[in-house]
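Take a look at the structure below.
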Amino acid sequence: LTKLDLSDNKLETNGVGYLSELLKSLFSLSELNLNKNHIGDDGMKYLCDGIKNLHLTSLNVSNNKIGANSAKFLSDSIKDMLSLKELIISNNNIKVFNTFV
């Protein structure tokens, strides 16, 4: 499996917790789309744990009600992910210098 699109599924925190465990075994995964899943900050913790050892080229976590704490978790989990070419985090509550991303 190289592409996984679970967009618009309302996974929320619990669903992302289960997904995180699955992701740990999907070593060939290169594209992950989780757009519109209401992940939130707690769910993002789970997701970041699940993706930290993957070699993703594309990650979409837009429209997920994530905030500044999630941005920190995400940056920590992808900082060594040299394969990542596309990161989509639009329409969330990440406040940066008095603006929203």
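The values are calculated or read from the model by the stated rules, or taken from the named source; none is laboratory data. Note that the structure is a prediction, hence the values are computed from the model and not measured. All Cβ positions, glycine included, derive from the backbone under ideal geometry; neighbour counts span all protein chains shown. Heavy atoms of the whole protein, side chains included, go into the accessibility calculation; ligands, DNA and RNA do not. Shrake-Rupley method; radii C 1.70, N 1.55, O 1.52, S 1.80 Å.
What to note about this one:
- Whichever lysines have a C-alpha closer than 25 Å to that of Lys79, once near sequence neighbours (fewer than 8 apart) are set aside: Lys3, Lys24, Lys36, Lys45, Lys52, Lys65, Lys95
- Value at 222 nm in deg cm²/dmol, rounded to 500, when DSSP H runs of n ≥ 4 in the chain each add -39,500 (n - 2.57): -10500 deg cm²/dmol
- Unit charges on C-beta of K, R, D, E only; dipole of the chain, Debye: 160 debye
- Here segment 31-101 exposes an accessible surface that is 51 percent carbon and sulfur, computed with a 1.4 Å probe and the other protein chains kept in place.
- Relative contact order of segment 32-101, defined on C-alpha pairs under 8 angstrom at six or more residues apart (%): 36 percent
- Given 12 as the ceiling on other Cβ atoms within 10 Å, longest exposed-site-free region of the chain for trypsin sites (Lys or Arg not before Pro) in DSSP loops: 11-78
- Accessible surface calculations at 1.4 Å, restricted to protein heavy atoms, place the chain at 58 Å² per residue.
- Computed on protein heavy atoms with a 1.4 Å probe, the accessible areas place Leu54, Leu82 in the order Leu82, Leu54, largest first.
- Each other residue within a Cβ distance under 10 Å of Lys24 adds +1 if Lys or Arg and -1 if Asp or Glu, for a net charge of -1.
- Antiparallel DSSP beta bridges within the chain, as percent of all bridges there, nearest 5: 15 percent
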